[in-house]
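Below: the structure, in structure tokens.
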Amino acid sequence: MPTKHESAPSPPGATSSFIDVRDLHVHYELRASAISRLVGGASTSVRAIDGVDLSLRKGEVLGLVGESGSGKTTLGRALLGMVRPTLGQIDYQGTDLGVLPERRLRAMRRELQMVFQDPHAALNPSMDIETALAHPLRIHRLVSGRAEARERVVAALERVGLAPAEQFLTKLPGELSGGQKQRAVIARAIICGPQLLVADEPISMLDMSVRAKILELMLELKRDLELTYVYITHDLATAKFFCDRVAIMYLGRIVEVGPTDEIFANPKHPYTEALLQAVPDPQNRGVPRQLPRGEIPDAAAPPHGCSFHPRCPYGFAPCGWEARDLRALFERRWTAHDESVYEQESPMLTELDEVPAGTERVQLGGTSAAPADAIASTIEASRAETPDDPLWNGVRDISVRDDSVEVQFEPGEDPALLRVDNVDSAVDVDSAVDVACHLHDERFTGTP
């Protein structure tokens, strides 16, 4: 597959700002059950996007990369006005898409289009290809009659490689292969002359044999039509060859963003390192991989401080340690021991399940029958057993007070995106990268 630099050179003006996203939040409310509401339970919300700052340049391909549930698709839909932000601003050439009335937003959608992940679901199965592609032309009143609409449809089909177009006009989506359907979806996306295409996993549901061809087609369209892309993917291999810049997303936030070559050659964030470690390498099957422990946390109750710290191997004092981190450490301890250890220690730590998120001072033993000295000894035994666990870097003090044990964590802080310049980078690109990690904050490391 040709690289992005060979097939799709950035057009003049690629450094100008095209879309600016500032402090974007998209929250979905989770309504409490009827019984919970009767007893005064409050509803919670899922923070699908939790404070994103991002600039998209005219003529570039920006990749959004991350695990399922990281917020990639929600961010892409928000850029098109398909999802309304809870807070924040999406500035598209001087217009805030987040507050734009639906009528005006509908008119702007001819400039902002999406290529969906599933081409089978993106096309109406009862609508032939000509009708499906002509539909947006009629909605936006870009044609005066059926003859002009057909002419535009034929040109779009030919442009995406469905030629001769006359063979496809009367076909239903069920009569096309997966690759042909995705080409038709792309044709529908470009038929109104858009400026931006948000491509949401556009090749993930296609056969391996056609994936490279679809990406090559999209690069050709970028070059010929001067398109700007937001490419949503979990596939680092395609992001490496297709994107000019990459934004790594985790739990609704961007944790690292920069030029693709620099991100892959010199990852700054531990989560980026973990994603790259997870890529299979048949030539180095014996090389140990440092994959993050556990699963991606619940977006309805994100971790205190840095959202990645419960899984990070480099976590230290300011990362935001809290009671549930201590609970998780003991759960790992209990799975490694006999059941009797769990039965003995679990009753001592019941308060950990009731402490509100973000609490940096925890008291244990107030409702436990175990003496405070026994609880303290249990915690110290766990520390002696796992001295290298990053959690202990965030424990400031463990003290016995009367009939309880107080565990105090270091104050945690939510990391902001910081500019990191790689002066000694061997990569022939602008190596400036923004990363949200305390490991690159001189306030905590002492080194700029």
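The values are calculated or read from the model by the stated rules, or taken from the named source; none is laboratory data. It should be emphasised that the depicted structure is a prediction, and the values quoted were computed from it without experimental measurement. Methodologically, a virtual Cβ is constructed for each residue, glycine included, from the backbone with ideal geometry; neighbour enumeration extends over all protein chains shown.
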Fill in the blank from the handout: Across the range 327-338, the tally of residues that are surrounded by 12 or more Cβ atoms within 10 Å (Cβ to Cβ) and either touching an Asp or Glu at 6+ places or on another chain (Cβ under 9 Å) or not in a helix (DSSP H, G or I) (or both) stands at 7
Problem - PRO310, sole failed condition from (1) more than 25 Å from ILE375 (Cα to Cα); (2) under 20 Å from the mean Cα position of the chain (by Cα); (3) part of a helix (DSSP H, G or I) - result: (1)
Exercise for the section: For residues that are in contact with a Cys (Cβ under 7 Å, 6 or more places away or on another chain) and aliphatic (A, V, I, L, M), scanning just the range 49-81, find the one that is nearest to HIS27 (Cα to Cα). Expected result: LEU62
Practice task
Inspect all residues belonging to the range 112-133 and state whether any of them is buried (at least 19 other Cβ atoms within 10 Å of the Cβ), of a type outside the set (S, T, N, Q) and more than 27 Å from ILE232 (Cα to Cα).
Solution key: yes
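Consider PRO297 carefully, then state whether it is in contact (Cβ under 8 Å) with a residue 12 or more places away in the chain, within 20 Å of the chain's Cα centre (by Cα) and assigned by TED's automatic domain parsing to the domain that holds ARG47. Please lay out each step first, then the result.
Values: in contact (Cβ under 8 Å) with a residue 12 or more places away in the chain: yes; within 20 Å of the chain's Cα centre (by Cα): yes; assigned by TED's automatic domain parsing to the domain that holds ARG47: yes.
Spelling it out, PRO297 is indeed in contact (Cβ under 8 Å) with a residue 12 or more places away in the chain, within 20 Å of the chain's Cα centre (by Cα) and assigned by TED's automatic domain parsing to the domain that holds ARG47.
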Practice task
Could you tell me whether any residue of the range 273-280 is at pLDDT 90 or above, touching a helix residue (DSSP H, G or I) at 6+ places or on another chain (Cβ under 9 Å) and surrounded by 18 or more Cβ atoms within 10 Å (Cβ to Cβ)?
Solution key: yes
Fill in the blank from the handout: ILE203 meets each of (1) closer than 12 Å to VAL61 by Cα; (2) surrounded by 17 or more Cβ atoms within 10 Å (Cβ to Cβ); (3) not hydroxyl-bearing (Ser, Thr, Tyr) with one exception, condition (1)
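Quick check on PRO302: is it without any contact (Cβ under 8 Å) to a residue 40 or more places away in the chain and closer than 20 Å to GLU67 by Cα?
Values: without any contact (Cβ under 8 Å) to a residue 40 or more places away in the chain: no; closer than 20 Å to GLU67 by Cα: yes.
Considered against the rule, which asks whether it is without any contact (Cβ under 8 Å) to a residue 40 or more places away in the chain and closer than 20 Å to GLU67 by Cα, PRO302 comes out as no.
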Practice task
Answer yes or no as to whether GLY51 is in contact with a Lys or Arg (Cβ under 7 Å, 6 or more places away or on another chain) and at pLDDT below 80.
Solution key: no
Handout entry: Only listed residue being touching a helix residue (DSSP H, G or I) at 6+ places or on another chain (Cβ under 9 Å), under 17 Å from ASP224 (Cα atoms) and among the β-branched types (Val, Ile, Thr), chosen from ILE139, ILE186
Key = ILE186
